[in-house]
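The values are calculated or read from the model by the stated rules, or taken from the named source; none is laboratory data. Owing to the predicted nature of the structure, the values given are computational and were not obtained by experimental measurement. Backbone-built Cβ (ideal geometry, glycine too); neighbour counts: all protein chains shown. With ligands, DNA and RNA removed, areas are computed over all heavy atoms of the protein, side chains included. Shrake-Rupley method; radii C 1.70, N 1.55, O 1.52, S 1.80 Å.
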Amino acid sequence: MVTIPREEYDRLREAAVADLRAYDGAKAALAALAAGEEELVPADYAKRLIAGESPLRVWRELRGLSQVRLGAVSGVNRVQIADIEAGRGKGSVETVRKLAEALGVRVGDLV
């Protein structure tokens, strides 16, 4: 038998519960990946997004598309794509929706 102070027991119990929650979260994330609901973004691209680079440009390049090809796939004019990437415009909600759909991302990933 081992006796420990109540505070230590409570701290250990909280740590165990946190570990279980982290494990459950990791399992859910893996299930989402396996189901195709989420994707892993390579570190180089994630760093570009974090640094504030145009999300449209980052996702377009991650998908291996030129502005011309993205325009053809999405139905959005290449000049408008270039303007959004350069920060000269934002595009309408409908435009951003078309681009997101063509890139296979959520609208929120582009704004």
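Residues in region 89-111 that are under 12 Å from L56 (Cβ atoms) and basic (K, R): K90, K98.
Which residues, counting only those in region 94-104, are at pLDDT 95 or above and under 19 Å from the mean Cα position of the chain (by Cα)? Show your work before the answer.
Going residue by residue through region 94-104, those that are at pLDDT 95 or above are 94-103.
V96, R97, K98, L99, A100, E101, A102, L103 - these are the residues of region 94-104 that are at pLDDT 95 or above and under 19 Å from the mean Cα position of the chain (by Cα).
Scanning region 90-111 for residues that are in a loop (DSSP other than H, G, I, E, B) and within 14 Å of Q67 (Cβ to Cβ) returns a single hit, G91.
Name the single residue, out of those in region 86-111 being in contact (Cβ under 8 Å) with a residue 40 or more places away in the chain and on the phi < 0 side of the Ramachandran plot, that is most open to solvent (accessible area, probe 1.4 Å). I'd like the intermediate steps shown before the answer.
At the first step, the residues of region 86-111 found to be in contact (Cβ under 8 Å) with a residue 40 or more places away in the chain are 99, 103-105, 109-111.
Now restrict to residues that are on the phi < 0 side of the Ramachandran plot: 99, 103, 105, 109-111.
On the way: L99: 3, L103: 4, V105: 23, D109: 48, L110: 24, V111: 127 Å².
Step by step, filter region 86-111, then rank; the result is V111.
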